[in-house]
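The numbers here are math on the coordinates, done by the rules we state, and not lab data. Remember, predicted model here, so these are calculated numbers, not experimental data. Quick reminder, even Gly has a Cβ in these numbers, built from the backbone with ideal geometry, and neighbours come from all protein chains shown.
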Amino acid sequence: MTLAAIFDKSDLSETERQIILMTNNRLNGCTYCMAAHTTISQGANVPADVIEALRDGTAIADPKLEALRKFTATVNEDRGWISKAAFDELIAAGYTKQTVLEVILGTSLKVMSNYTNHIAQTPLDAAFKPNAWSSPSSQVA
C-alpha cells in the first residue's frame, strides 16, 4: 500500500486532507501541485472559500479547519518541532493525537511530490491550467 493510499484511508474528510496537502503545497511553493489540488478540491466539493484561503495562505472561516491549517503550517515551517501550545490548540479544536500523525503523513507526501516537481520542472497539465498558481518564492534551478 502506498503512502497516498494510507493517507486517503485516514479518518480525515476530503476537505481536511486537502487542507494538509494544499497548505504544504503553498509553503513549499509548488505551482504544479497547487493547481492540481485546486482542481481536485473543486471536484471533491471542498468549499470555495476554503480553497481560496489555502491558495492565498489566509485564515479559514471555520475554526476547526483553521486549527488544522495552522497546525499543518507549523509542522512544515518548524520541521516537526511543534510547541506544546500548537499541539494543545489542535486538540482543543477537536482533533486527536492520530491527527498529528496524519498531518505528518500528508506533509511527507508533499515533500516528496513538491520537491520532485521542483527538480523536474513538471509542466502544468491542460486540465489544471485554469487553476494555475504562482508562488512569490518559486524559482527555477
222 nm mean residue ellipticity, helices alone, for the chain (DSSP H n ≥ 4; -39,500 (n - 2.57); rounded to 500): -20000 deg cm²/dmol
Distance from region 47-72 to region 76-141 (C-alpha centre basis), Å: 13 Å
With at most 12 neighbouring Cβ atoms within 10 Å, loop trypsin sites (Lys or Arg not before Pro) (DSSP) excluded, longest segment of the chain: 10-78
Answer label for Cα extents along the principal axes in Å (calculated), chosen among (1) 57, 39, 29; (2) 50, 40, 24; (3) 41, 34, 30: (3)
Long-range lysine pairs (8 or more apart or interchain), region 13-122, Cα under 16 Å: 4
Cβ charges +1 (Lys, Arg) and -1 (Asp, Glu), total dipole of the chain, debye: 280 debye
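Normalised by the number of residues in the chain, what is the relative contact order in percent for Cα pairs under 8 Å and 6+ residues apart? Kindly include the intermediate steps, with their values, before the conclusion.
Details: 150 pairs, mean separation 54.2, N = 141.
Rounded, it is 38 percent for the chain.
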Shape call, region 30-79: gyration tensor on alpha carbons, a/c limit 1.5: oblate
